[in-house]
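Notes for the one structure printed next.
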Amino acid sequence: MQISHYHYLPLTPGFFSILVGLFIILLVVLLVLRALRHAYLSLGISSSTAMLLLLGSLIGSYFNIPIAVLPHEPMVSDRVIDFFGMQYNVPAVENFAGTVIAVNVGGAVIPTLMSFYLLFVRGLWVNGAIATAAVALAMHWLADPVPGIGIAVPVFWPALITAVVALVLSRQNAAPLAYIGGSLGTLIGADLTNLDKVAGLGAPVASIGGAGTFDGIFLTGILAVLLASLFPAPRPAPRPWG
């Protein structure tokens, strides 16, 4: 049962379980490789914090924070929409005066807060801005208005483009740059710069970081952890005695 019509899984249960499975596989693989601690230190946070971050994104994807309502229009209701091999949920329409513009907790709030934390503690303001701009341009070009959903991007493209951009900019900081560029770049390029295209799509809820983009943003978080394990940041040289 839904808490309210603003809160629902962005994907169908079957496809959402794939993301949960990737999260579990990631944890198992990193534990087997004994790279968990060093991988997350390379990302800039502890292993427990990073796993809570990804888990929080999965749980938070259910919750949308309404921020605006567009004028009334005919709505698509209670359907499953196929887009590039993924299936997205459209909530049932009840008491919707128009499309609700919302912010998804797991796909927008948590990644944005984490991205700014990494920008601050790692001092990646220049490269972070370049990575974000590059991913945003690509996502804006790839984004499609989808009736009933809002704005959507093909699921694997955010992670693939982010990996290339992060590795080109800095292998040493590829992990945090991947998280920053993939999260902020997708939110800005796919969702924010396409808000003017939401009207007329009949979407009950157009969620920033929700259905249509959440899966891509979540995969960039997994990508960041994998890059951290493959390209760990060098340890600081020990201080001489005396």
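Can you bin the range 110-220 into rounded, prolate or oblate? Criterion: square roots of the alpha carbon gyration tensor eigenvalues sorted a ≥ b ≥ c, rounded for a/c under 1.5, prolate for a/b above b/c, oblate for the rest. Since a/c reaches 1.5 and a/b is larger than b/c, the shape of the range 110-220 is classed as prolate. Annotation: amide H of ILE101 within the under-5 Å range of ILE67, ALA68, VAL69, LEU70, ALA206, sequence separation 5 or more or interchain, hydrogens built in the peptide plane. Mean sequence separation of contacting Cα pairs (under 8 Å, at least six apart), scaled by the length of the range 177-222, corresponds to a relative contact order of 62 percent.
List the relative contact order of the range 129-190 as a percent without decimals, with contacts defined as Cα pairs under 8 Å and 6+ residues apart. Walk me through the numbers before you get to the answer.
Working: 83 pairs, mean separation 33.4, N = 62.
Computed over the range 129-190, the figure is 54 percent.
Ranked by solvent-accessible area (1.4 Å probe, protein heavy atoms only, all chains present), the residues TYR117, TYR179, TYR62 order from largest to smallest as TYR117, TYR62, TYR179. Packing-based ranking of 217-223, 170-176, 126-132 yields 217-223, 170-176, 126-132, ordered from highest to lowest mean Cβ neighbour count within 10 Å.
The values are calculated or read from the model by the stated rules, or taken from the named source; none is laboratory data. Bear in mind that the values here come from a model prediction, so they are computed numbers and not experimental data. Reconstructed Cβ throughout: ideal geometry from the backbone, glycine too, with neighbour counts over all protein chains shown. Note: accessible area is taken over every heavy atom of the protein model, side chains too, but ligands, DNA and RNA are not part of it. Shrake-Rupley method; radii C 1.70, N 1.55, O 1.52, S 1.80 Å.
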